[in-house]
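The values are calculated or read from the model by the stated rules, or taken from the named source; none is laboratory data. Nothing here was measured: the structure is a model prediction, and the numbers come from that model. All Cβ positions, glycine included, derive from the backbone under ideal geometry; neighbour counts span all protein chains shown.
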Amino acid sequence: MTSNNIWLLIQSMSPQEKRFFRRDYALYDKEKELPLYLALFDVINKQNDYEESDLLKQLQPRLKASNISYTKNYLYEQICAALLQQNQEQDWDVQIFRMLQLIRVFRKKGLYKQALKIWHKAIAQARALELFGLILQLKEEYRKLQLYHNPKITNPELQNEYNNNILYSSEFTNLIKLQELHFSALIIRRKTHFNLLPEDKEKVDTILQEPIMQDEPKTNSFLIRHYYRMTKATLLYVLNDTRSYQFAYQNVRAWQETMQHVIYDQDNYIEVLYIFYYSAVLAKDTSKIEKVMNHPVNQKVATESNFAYVETIKYLALNRLYNRNGNYEKVAEILAYIKTKFVQWSKHINVELARTLYLSVGVANFALEQFDDAFYYIKQSLLLFNDKTREEQYSFAYLFLLLICYEKGEQYLFEVQYKSSYAYFYRNKMPLPFEKNTIQSLAKAFNCTNKKDKKVIFLALLQSLQESQNDPVQQQVFNFFNVPRWLESKTKGIPYKELVYLQVSSEKNQGMAL
């Protein structure tokens, strides 16, 4: 075992899991000395970092170099067994498999009626969740039960019970195919959101041309419909096609109307929420975000890790929504809440989501004119750019830092950041027109003392950004923060958030007038 694996495992345990292990699972004579493996558990649980020498020191003379490896391995095995025992009650696969085992035991004992009663309960649950491996095993048990228990049952009755499937064998190949296509789409999406390489673009087009991707399958299978919609939504999203949103919203609504699938398959549900959020941003339709993100079914996501993903996606979405709507009181509330949960969430979420969260918090601080905090969070996001994905986030971070430094008005800081941003764009790749024009114009405006000249510079930049507005990378960079609107606020000489509020109010009034 790697030296700190036991420490990582114990640190990952929830308070409830630790309590179950110490109080309910580990049985020992309370009147005697605490078993060595439990004493080791208690010491490791209190360590901020794994220190083997400290373990030997605290637990001497019982724990020594000659037995520490064995004791750690034994403790590790006991914790794993306890976690399995505690969590199996929440795992429907395990519950159905236990019923399957009980059916076999009862059948062999000749308790056919009792076995059949359990079978009906198990098959209904397995079919509802489309657990096809378990369904096949349960159907085999049913065949054996009927061979020995109920010779008077008619063939139509037998076939009706046996073949009462959600998904028939002829459709099963479609499910497998769609799962494979969705996984390919997922890999492309994680590799790069929009700036597709030619081979990735070719792969996307090939998948979308597959016969199975042309029309939504007419089937009772929840999973077939899910994988079709998710594959379609994901691929259209990476193509910067707003039609992605209709498939993503249709899918998230289907999941939220089917609670048992959310409870059982939380990992897939997280991806459903994720692609809904990003496709809504792409389509510039925030009208459904509050309803989806505040849906009661989200509270059914039970594990700490998965709930951290759901909460992160939720508050990313709400933060963007309230920023877009100019509701800065809500933005401040969201920001305060995120900051209290940041450390907790970051223990569980992946690098991409953590990076996006840093960027989102940076944008919110900027809108609230908390420029020092904005600078800090955007800088922190750059520390997580180590997986060579999401180039539009790189671009945004470097451009946005220049905007922050411009607002802070500190000469030395701006010059340092300008050199850093310039080096990134010209060292790593040739900058796109909007990137080049933005960094150059910000530098000119910062070093310009005449307000009228500053305005001319910003108006020229606005014009150039208008000319390159169809660039998909530019669109996504400015989806993080509306740079043209910020430029407009500078040309009008009013604070950014005041301009947002005025424009949103004007749009609402026009909508009411219509």
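Only one of L368, L359 is closer than 29 Å to N240 by Cα and either in contact (Cβ under 8 Å) with a residue 24 or more places away in the chain or within 28 Å of the chain's Cα centre (by Cα) (or both); which?
L359
Could you run through the range 226-260 and say how many residues are part of a helix (DSSP H, G or I), without any contact (Cβ under 8 Å) to a residue 60 or more places away in the chain and within 18 Å of I270 (Cβ to Cβ)?
Going through the range 226-260 one residue at a time, the tally reaches 20.
Taking the conditions exactly as written (surrounded by fewer than 18 Cβ atoms within 10 Å (Cβ to Cβ) and either assigned to a helix (DSSP H, G or I) or on the phi < 0 side of the Ramachandran plot (or both)), does A364 satisfy them or not?
Numbers: surrounded by fewer than 18 Cβ atoms within 10 Å (Cβ to Cβ): no; either assigned to a helix (DSSP H, G or I) or on the phi < 0 side of the Ramachandran plot (or both): yes.
Taking the combined requirement at face value, the residue does not satisfy it.
A quick yes/no check of all residues on (1) within 29 Å of R189 (Cα to Cα); (2) surrounded by fewer than 15 Cβ atoms within 10 Å (Cβ to Cβ); (3) outside the structural domain of R189 (by TED's automatic domain parsing); (4) touching an Asp or Glu at 6+ places or on another chain (Cβ under 7 Å):
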{"residue": "F400", "(1), (2), (3), (4)": "yes, no, yes, no"}
{"residue": "Q411", "(1), (2), (3), (4)": "no, yes, yes, no"}
{"residue": "S441", "(1), (2), (3), (4)": "no, no, yes, no"}
{"residue": "K452", "(1), (2), (3), (4)": "no, yes, yes, no"}
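Based on what the data block shows, is A233 out of contact with any strand residue (DSSP E or B) (no Cβ under 8 Å at 6 or more places or on another chain), surrounded by fewer than 24 Cβ atoms within 10 Å (Cβ to Cβ) and of a type in the set (G, A, S)? Full working, then the answer.
Values: out of contact with any strand residue (DSSP E or B) (no Cβ under 8 Å at 6 or more places or on another chain): yes; surrounded by fewer than 24 Cβ atoms within 10 Å (Cβ to Cβ): no; of a type in the set (G, A, S): yes.
For A233, the condition - out of contact with any strand residue (DSSP E or B) (no Cβ under 8 Å at 6 or more places or on another chain), surrounded by fewer than 24 Cβ atoms within 10 Å (Cβ to Cβ) and of a type in the set (G, A, S) - is not met.
If I filter the range 330-356 down to residues being of a type in the set (V, I, T) and either closer than 20 Å to C405 by Cβ or under 18 Å from the mean Cα position of the chain (by Cα) (or both), which single residue comes out as surrounded by the most Cβ atoms within 10 Å (Cβ to Cβ)?
Of the residues in the range 330-356, the ones of a type in the set (V, I, T) are 331, 334, 338, 340, 343, 349, 351, 356.
Then keep just the ones that are either closer than 20 Å to C405 by Cβ or under 18 Å from the mean Cα position of the chain (by Cα) (or both); that gives 338, 343, 349, 351, 356.
Details: I338: 20, V343: 8, I349: 19, V351: 14, T356: 22.
It comes out as T356.
Which numbered condition trips up F458, out of (1) modelled with pLDDT under 85; (2) in contact with a Lys or Arg (Cβ under 9 Å, 6 or more places away or on another chain)?
Against the list (1) modelled with pLDDT under 85; (2) in contact with a Lys or Arg (Cβ under 9 Å, 6 or more places away or on another chain), F458 comes up short only on (1).
Can you go through A308, A280 and tell me which one is closer than 24 Å to R229 by Cα, surrounded by 17 or more Cβ atoms within 10 Å (Cβ to Cβ) and at pLDDT below 95?
A280
Between a first residue in the range 28-42 that is closer than 24 Å to L9 by Cβ and a second residue that is β-branched (V, I, T) and surrounded by 14 or more Cβ atoms within 10 Å (Cβ to Cβ), which pairs have beta carbons less than 6 Å apart while being 6 or more apart in sequence or on different chains?
L36/T71; Y37/T71; L40/T71
Looking at the range 271-292, is at least one residue out of contact with any Ser or Thr (no Cβ under 9 Å at 6 or more places or on another chain), without any contact (Cβ under 8 Å) to a residue 24 or more places away in the chain and part of a helix (DSSP H, G or I)?
yes
Suppose we keep only residues that are acidic (D, E) and part of a helix (DSSP H, G or I) within the range 86-107. Which one would you say is surrounded by the fewest Cβ atoms within 10 Å (Cβ to Cβ)?
Looking only at the range 86-107, we keep the residues that are acidic (D, E), and these are 89, 91, 93.
From the residues that got through so far, the ones that are part of a helix (DSSP H, G or I) too are 89, 93.
On the way: E89: 9, D93: 14.
Filtering the range 86-107 for residues that are acidic (D, E) and part of a helix (DSSP H, G or I), the one surrounded by the fewest Cβ atoms within 10 Å (Cβ to Cβ) comes out as E89.
Any residue at all in the range 66-73 that's of a type outside the set (S, T, N, Q), in contact (Cβ under 8 Å) with a residue 12 or more places away in the chain and part of a helix (DSSP H, G or I)?
yes
For a quick check of your reading: which helices (runs of 4 or more DSSP H) sit entirely within the range 108-223 and have at least 1 residues that are modelled with pLDDT of 85 or more and assigned by TED's automatic domain parsing to the domain that holds F247?
169-191, 198-208
State yes or no: is F446 hydrophobic (A, V, I, L, M, F, W, C) and in contact with a Leu (Cβ under 7 Å, 6 or more places away or on another chain)?
no
Taking the range 307-349, which residues are within 17 Å of Y377 (Cβ to Cβ) and not in a helix (DSSP H, G or I)?
Selection gives I349 alone.
Hey, can you tell me all the residues within the range 244-271 that are aliphatic (A, V, I, L, M) and within 29 Å of G326 (Cβ to Cβ)?
A248, V252
Restricting to the range 43-86, and then to whatever is touching a helix residue (DSSP H, G or I) at 6+ places or on another chain (Cβ under 7 Å) and hydroxyl-bearing (S, T, Y), can you tell me which residue is farthest from L9 (Cα to Cα)?
Here the residue is T71.
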